[in-house]
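Here is the structure we will look at.
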Amino acid sequence: MDMIWKDRKRTFLGLPWSFTKYSLTEERLFIETGFFHSVEDEVRLYRILDLQLSRTLSQKIFGVGSITVSSSDKSMGNFVIKNIKRPKEVKELLSESVEKQRNLKRVAGREYMGDEHGDDMREDEDE
């Protein structure tokens with residue numbers, strides 16, 4: 001299992017003093033948390049639906065950022081990759097890897113369209 005990327009959650013000062021580790025392979029994203037009791041979660045990349053990068057002023061100052069991940073994974077659901085170095089590069093790498101896996105697995109993304117008010121368009125149930 002070749003790692004494409006790995007990092008640790010960093011403190012507000014950008015230092016890697018944390019027991020949360022992130023790693024990415026061609027097919028899966030892993031999140032390991034804990035010291036005395038560690039838990040390793042994983043999400044298959046084709047299950048990732050959307051990525052969002054956010055950076056507060058202090059994160060910008062210390063060169064870190066967070067990526068919010070929306071996924072269809074039952075156990076992981078939506079989660080945040082917090083305070084990582086080079087967040088723009090990581091988001092782009094993750095996005096490209098997700099698209100590659102979705103194409104290999106022939107998984108089509110479901111886009112939800114809404115009207116101009118942001119409400120979901122749904123068929124009437126009475127029809």
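Summary of values
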{"quantity": "Nearest 10 degrees, 0 to 90: helix 87-104 Cα axis against the chain principal axis", "calculated": "50 degrees"}
{"quantity": "The range 1-61 shape via C-alpha gyration tensor axes, a/c threshold 1.5", "calculated": "oblate"}
{"quantity": "Translational D in µm²/s for the range 46-94 (Stokes-Einstein at 20 °C, 1.002 mPa s, Kirkwood Rh from C-alpha pairs)", "calculated": "193 µm²/s"}
{"quantity": "Share of alpha-carbon pairs per 5 Å distance bin for the chain, given as whole %", "calculated": "2, 10, 17, 20, 17, 13, 8, 6, 3, 2, 1, 0"}
{"quantity": "Helix-only CD estimate at 222 nm, as mean residue ellipticity for the chain, using -39500 (n - 2.57) per DSSP H run (n ≥ 4)", "calculated": "-5500 deg cm²/dmol"}
{"quantity": "Computed label-point distance, nm, for sites Glu92 and Lys105 using a 7 Å Cα→Cβ extension", "calculated": "2.5 nm"}
{"quantity": "Gaussian network model of the chain, springs between alpha carbon atoms under 10 Å - residue of Arg102, Arg47, Arg55 with greatest fluctuation", "calculated": "Arg55"}
{"quantity": "Theoretical gain in end-to-end length, Phe79 to Met1 [0.36 nm per residue, Cα-Cα removed]", "calculated": "25.8 nm"}
{"quantity": "Accessible area (Å², per residue) of the chain, counting only protein heavy atoms and a probe of 1.4 Å", "calculated": "74 Å²"}
{"quantity": "Over the chain, relative contact order from alpha-carbon pairs under 8 Å, at least 6 apart, %", "calculated": "20 percent"}
{"quantity": "Longest exposed-site-free window of the chain, the sites being chymotrypsin sites (Phe, Trp or Tyr not before Pro) in a DSSP loop that have at most 14 other C-beta atoms within 10 Å", "calculated": "37-111"}
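The values are calculated or read from the model by the stated rules, or taken from the named source; none is laboratory data. This is a predicted model, so every value here is computed, not measured. FYI the Cβ positions are ideal-geometry reconstructions off the backbone, even for glycines, and counts take in every protein chain you see. Note: areas computed on protein heavy atoms with side chains; ligands, DNA, RNA excluded. Shrake-Rupley method; radii C 1.70, N 1.55, O 1.52, S 1.80 Å.
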